[in-house]
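Shown next, in structure tokens, is the structure this report addresses.
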Amino acid sequence: MIETKMFFNGVKPSKFALSPRRADYYDVSDIITSAQYKIQDEEIKAFEDIDLIYRTLVSVVYNFVPASGHPGGSISSGRIAQGLLFSSMDYDFFDPLRENNDILTYAAGHKAMGLYALWALRNELVRASGAADMPREKFQLRLEDLLGFRRNPTAATPLFRKLNSKALDGHPTPRTPFVKIATGASGVGVGASVGLALGAMDIYGDKAPKVHVIEGEGGMTPGRVSEAMAAASASRLSNTFLHVDWNQSSIDSNNVCPENSKSGDYVQWTPVELAYLNDWNVIHVSNGHDFFQILNAQKFAASQSGNKQPTAIVYRTVKGWKYGIEGRAAHGAGHKFSSDGYYGSLLEFEARFGVKMPRYCAGIPADDAVEKCFYDTLLVIRRVIEANPPLSGFAADKLNASKERLDACGRTPRSGAPDPEKAYTVKVSEPPAALRFRPGKEITLREALCLGLNHINNLTGGSLMVSAADLYNSTSVNLVGNGFGEGFYNSVTNPGSRTISAGGICEDAMGAIAYGLSSFGRHIGVTSSYAAFIAPLEHIAARMHAIGQQNRKTLDGKPGNVFIMINAHAGAKTGEDGATHADCQSLQLLEGNFPKGSLITLTPWEPCEIWPLLSAALNKRPAVIAPFVTRPAEKIFNRAASGLPPSEDAAKGVYYILRADVKKPRHGTVVLQGNGVATVFIYEVLPKIKEAGLNMNILYVASKELFELLDEKEKEAIFPEKLAMEAMGITDFTLPTMHYWIRSRGGMARTLHPFKNCQYLGSGKADKVLEEAGLDARAQLQAVKDYTNFIISSRK
């Protein structure tokens, strides 16, 4: 029998080529050969000295915070960052809060040791130059602050306290001057940086601040990075510059990407290929440790904006260059404390500047003594800088030139640029006309929400920019941008649009971009997808934004910048899609899992509650607002005719649907949460409870977090703790979301929830899915009757 493969022996592979790109590819050697720009030898020498001090600082910091930090990547990216801070960027060192500064983000947050060392070195150089108008101490990062690397604010060592050292987190946060976003979580930093660039571009147009992003090839492997790169290209964010420290080394591999005919351990693309595939301009720098190549590439990139595409500069480097440990061995690891290897890493510095570093640390391991040695070592570096006025003068001149370029470039906000501040003062009691619904009208919760957001968008001049996972019409967020440009945002052809393409079905990148957009400070980033997907996939971006906002407030004292994550098609009413999409677990991922006040979930049961909840949440200015809205249309309930309180009561987070007569024996308390169960209960179960004469408290949870933000006296007045000890619950969501409201084991056992029958639910219309879950009217009523019988019998 002839083998099938023999029939195809003559088939040869076809040639394949990418379709034409808008972007261009350059090699730095061609730039150097052709360019008129020439770098003076004296400038290169000064940069060499700066880098030597920087590498020494990195080694010192790692030595005194042993087994903590990433010296290898901090060193391999150091010259890239130095070129940016001292030559290529336009910013005002003396005003870190200046909005039109160019921005440098460390998407590779594990290089924080390098960021702190470079920030402290820059500060020291300016101080030593004799600058009379240094920023206030809180807006500096001093050599003394390096004593706080990876330390908690409660650290009690004497110099940390005496010198008022800052506690520097293991990954960057906006507690540090000039840091706009918290980074370090896999791949989120690139997306958030794209969001910053989007915010800057929308406010400043063609003269937008440039956002420079430092990342490594390992940090580009998460899928959300490719998603974000696609979004930046599609939106034509030409103010985005990705600086790739391609050192080929991760924690476990020294061959991350293919190179020299050898396949990669992790991916089969190089950073050059990935960037160009996504239509980014690419500049390849063959030696990322050569300042001549680095500065030429950066200057060239800044001058090229003709095709309006983002740019990636890919620098081939060596992780741990000249440190004594290279490759993956220097990723999250370094020389042992006060070892020969550590002292060897200081020899070049000692020889160049004719000094000797302290070498007595190993014999005195007590925390106070080690800290003293750490500070003594930093003081040697300070004395070297003070003894070299030409070097500090060079740095000061460079930073002054940077400010002068910024002042001269005419970088001002465009006419009519968005301002989100009015969004945070809208009144609960004043819904827009579009949300004043008459009883009997049908509208979806998602449409009502997006009509409210569109009102806010018009109120704030377009401060809301929205993305959805290819679900713009499906989740109604297309309405948010009504009145602005049609179609997707494009900085060149459609800058008025408020709709971001965000790479397609890309919840990961959407969340990161919205986080960065909101962090810029002039927008409210909005994302939307199925609750089943967006709650887990954007949890990291939401957490990073909450961390970032918390830390930024400590620096500038300003209130929060909000990011809105719409959990659409939530719960059992998405039943036709089945358990993969009709997810009851999503609320549990967010509710109660963030510090108080940093994230607010909203769970309205009917459209009239949308505006009170949305406006109340915006008034609180949390980092994240997470509304949960269902898919089917809802009929507007006549609250007044049915004796329900006005929809404004939802703004308290919890309100009474029915309140027991305190003069009569109470038949129990039921707590409801979720549109699905509440609609069934209020339309079908509540009338029968009233007919039966049951004297009960029935409460609805519209927002756990809004309730928690009330003062203790008001909380006790609305929902006394004694009620929680007797209550049972009925919820669209998982049982743990009821723990706050139901405090007894008996109450939890009686609580109805979608997993009550220990299984995921099948597909079907909403009513049939609720029936399968035991959440239909018959099951709810029976459960309430059983519960009230228990309450009555327990009192006999």
Which listed residue is out of contact with any Phe, Trp or Tyr (no Cβ under 6 Å at 6 or more places or on another chain), closer than 20 Å to I181 by Cα and at pLDDT 95 or above, from S129, S77, S88: S77
Filtered residues of segment 602-639 (kept if out of contact with any strand residue (DSSP E or B) (no Cβ under 6 Å at 6 or more places or on another chain), within 25 Å of G548 (Cα to Cα) and of a type in the set (F, W, Y)): none
Which listed residue, of L537, L517, L555, is under 13 Å from the mean Cα position of the chain (by Cα) and more than 20 Å from L453 (Cα to Cα): L537
Top-ranked residue in segment 118-151 [being basic (K, R) and closer than 17 Å to N63 by Cα; ranked as most open to solvent (accessible area, probe 1.4 Å)]: R150
Selected residue [among the hydroxyl-bearing types (S, T, Y) and either touching a His at 6+ places or on another chain (Cβ under 9 Å) or open to solvent by 20 Å² or more (accessible area, probe 1.4 Å) (or both)] from S87, S76: S76
Qualifying residue in segment 280-292 (condition: polar (S, T, N, Q), in a loop (DSSP other than H, G, I, E, B) and crowded, with 21+ Cβ neighbours inside 10 Å): no
Wholly enclosed strands (runs of 3 or more DSSP E) of segment 561-657 bearing at least 1 residues open to solvent by 10 Å² or more (accessible area, probe 1.4 Å) and free of Cβ contacts under 8 Å to residues at least 12 places away in the same chain: none
Test: R778 is more than 39 Å from the chain's Cα centre (by Cα) and among the basic types (K, R): yes
Residue tally, condition touching a residue at least 40 places away in the same chain (Cβ under 8 Å) and open to solvent by 60 Å² or more (accessible area, probe 1.4 Å), over segment 390-406: 3
Counted residues, segment 190-211 - those being open to solvent by 10 Å² or more (accessible area, probe 1.4 Å) and not charged (D, E, K, R): 3
Hits in segment 198-218 - residues which are in contact (Cβ under 8 Å) with a residue 60 or more places away in the chain and either outside any helix (DSSP H, G or I) or among the small types (G, A, S) (or both): G199, A200, G205, A208, P209, K210, V211, H212, V213, I214, E215, G216
Any hit, segment 459-479, residues being among the acidic types (D, E) and open to solvent by less than 30 Å² (accessible area, probe 1.4 Å): no
Elements of type helices (runs of 4 or more DSSP H) contained in segment 713-796, each with 1 or more residues being among the hydrophobic types (A, V, I, L, M, F, W, C) and touching a residue at least 24 places away in the same chain (Cβ under 8 Å): 721-726, 766-773, 777-794
Hits in segment 569-604 - residues which are within 24 Å of the chain's Cα centre (by Cα) and over 16 Å from Q673 (Cα atoms): N593, F594, P595, K596, G597, S598, L599
Qualifying residue in segment 224-242 (condition: part of a loop (DSSP other than H, G, I, E, B), closer than 20 Å to V61 by Cβ, of a type in the set (S, T, Y) and at pLDDT 95 or above): no
Counted residues, segment 742-787 - those being out of contact with any helix residue (DSSP H, G or I) (no Cβ under 9 Å at 6 or more places or on another chain) and either small (G, A, S) or crowded, with 17+ Cβ neighbours inside 10 Å (or both): 1
Per-region count, segment 426-448, residues assigned to a strand (DSSP E or B) and within 30 Å of the chain's Cα centre (by Cα): 1
Which numbered condition G332 fails, given (1) assigned to a loop (DSSP other than H, G, I, E, B); (2) of a type outside the set (A, V, I, L, M); (3) farther than 30 Å from M89 by Cβ: (3)
Residue within segment 58-70 that is open to solvent by 40 Å² or more (accessible area, probe 1.4 Å), out of contact with any Leu (no Cβ under 9 Å at 6 or more places or on another chain) and assigned to a loop (DSSP other than H, G, I, E, B) present: yes
Count of segment 219-240 residues which are open to solvent by less than 10 Å² (accessible area, probe 1.4 Å) and either touching a Gly at 6+ places or on another chain (Cβ under 8 Å) or not β-branched (V, I, T) (or both): 10
Close pairs (7 angstrom Cβ cut-off, 6 or more residues apart or separate chains): under 19 Å from K162 (Cβ atoms) and touching a residue at least 12 places away in the same chain (Cβ under 8 Å) in segment 127-151, open to solvent by 30 Å² or more (accessible area, probe 1.4 Å) and among the hydroxyl-bearing types (S, T, Y) anywhere: L147/Y375
Which numbered condition P536 fails, given (1) in contact (Cβ under 8 Å) with a residue 60 or more places away in the chain; (2) touching a Leu at 6+ places or on another chain (Cβ under 8 Å); (3) assigned to a helix (DSSP H, G or I): (1)
Test: residue in segment 41-55 that is without any contact (Cβ under 8 Å) to a residue 24 or more places away in the chain and either crowded, with 23+ Cβ neighbours inside 10 Å or basic (K, R) (or both): yes
Residues being out of contact with any strand residue (DSSP E or B) (no Cβ under 8 Å at 6 or more places or on another chain), polar (S, T, N, Q) and within 20 Å of V318 (Cα to Cα) - total across segment 273-295: 0
Enumeration of residues in segment 152-189 that are of a type outside the set (G, A, S), open to solvent by less than 20 Å² (accessible area, probe 1.4 Å) and either touching a Leu at 6+ places or on another chain (Cβ under 6 Å) or closer than 26 Å to A542 by Cβ (or both): F160, L168, P172, T173, P174, T176, P177, V179, I181, T183, V188
Answer from I505, I540 - the residue that is open to solvent by 50 Å² or more (accessible area, probe 1.4 Å) and under 23 Å from I103 (Cβ atoms): I540
Any hit, segment 56-65, residues being polar (S, T, N, Q) and within 24 Å of the chain's Cα centre (by Cα): no
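The values are calculated or read from the model by the stated rules, or taken from the named source; none is laboratory data. Source: prediction; values computed, not measured. In this analysis, Cβ positions are derived from the backbone assuming ideal geometry, glycine residues included, and neighbour counts consider all displayed protein chains. Side chains are part of the model used for accessible areas, which takes the heavy atoms of the whole protein and leaves out ligands, DNA and RNA. Shrake-Rupley method; radii C 1.70, N 1.55, O 1.52, S 1.80 Å.
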